[in-house]
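K.L.:
Have a look at this one.
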Amino acid sequence: MARKHSKHGRYEDLQDSGADEAEAAPVPCWLCGRPTGKTIVWHHPVPKSRGGREVVPMHPICQNTLIANFTNSELQRHAMDVDALLANPNVRKFVDWVAKKDPDFTATTAKKQR
């Protein structure tokens, strides 16, 4: 059963201490390297269905591009190797295109033709 009160202090105290962390520099996207915006997706480079546990920060549009261009087994083979993912011409073209965009930019992503 859940506790009514935390043994570490009041909730308001935790909110005040997080203000310094919000002013820190944004983390870079794992795929494109641009700073992340307001929305950060924590992506599993190796899918959870394939035993992946590690997560990396990404833009939602970058994650959608990976999902559209690779199957889970392909992502498992590439694992944490960004260079191998960027070797795909569709992904490289996307990263070059999105490099000039705002961190919070969103657009529809084309599906891979199989």
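The numbers here are math on the coordinates, done by the rules we state, and not lab data. Quick caveat, the model's predicted, so the values are computed rather than measured. Reconstructed Cβ throughout: ideal geometry from the backbone, glycine too, with neighbour counts over all protein chains shown.
K.L.:
What list of ³J(HN,Hα) values in whole Hz, one per residue of the range 72-86 in order, does the Karplus curve 6.51 cos²θ - 1.76 cosθ + 1.60 (θ = phi - 60°) give from phi, with Gly and Pro shown as x?
P.N.:
My calculation for the range 72-86 gives 4, 5, 5, 5, 5, 5, 6, 6, 8, 8, 5, 4, 5, 5, 6 Hz in order.
K.L.:
Pulled fully out, how much extra length does the chain show between Ala25 and Lys93, if you take 0.36 nm times their separation in residues and subtract their Cα-Cα distance?
P.N.:
Net length gain for the segment: 21.8 nm.
K.L.:
What FRET efficiency would be calculated for the residue pair Thr39, Ala68, taking the C-beta separation as r and a Förster radius of 25 Å, to the nearest 0.05?
P.N.:
Details: r = 18 Å, r/R0 = 0.72.
Taking R0 as 25 Å, the efficiency between Thr39 and Ala68 is 0.85.
K.L.:
Glu54 label point, 7 Å along Cα→Cβ, cut-off 12 Å on backbone N: hits in the range 74-113?
P.N.:
In the range 74-113, the label zone of Glu54 (backbone N under 12 Å from the point 7 Å along Cα→Cβ) covers 78-83.
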